[in-house]
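Working notes, beginning with the structure itself.
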Amino acid sequence: MEHIPAAAWLTEAASAADKHGPGNLLRVVLIVMIVGAGLTAWFLLRGYKRDD
């Protein structure tokens, strides 16, 4: 498996979106946003756990 730099990967993803429409790219962005929001909520809320 070859290493693809992030800039080249983003360029390829943007060019693929032109050919196939925004569906797949939008789906990936939404999944990443949801997972990121979940991880952020977990990280912030774990600080409020009290060990009494």
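The values are calculated or read from the model by the stated rules, or taken from the named source; none is laboratory data. Every value quoted in this text rests on a predicted model; they were computed, and no experiment measured them. Because the Cβ atoms are built from the backbone with ideal geometry, glycine has one as well, and the counts that use them run over all protein chains shown. These accessible areas exclude ligands, DNA and RNA; they are computed on the full protein's heavy atoms, side chains included. Shrake-Rupley method; radii C 1.70, N 1.55, O 1.52, S 1.80 Å.
What are the pairs, 6+ residues apart or on separate chains, where a residue within the stretch 27-47 that is under 21 Å from Ala13 (Cβ atoms) has its Cβ under 7 Å from a residue that is among the β-branched types (Val, Ile, Thr)?
Pairs found: none.
For the stretch 15-42, how many residues are at pLDDT below 70, open to solvent by less than 80 Å² (accessible area, probe 1.4 Å) and outside any loop (DSSP other than H, G, I, E, B)?
Residues in the stretch 15-42 being at pLDDT below 70, open to solvent by less than 80 Å² (accessible area, probe 1.4 Å) and outside any loop (DSSP other than H, G, I, E, B): 2 in total.
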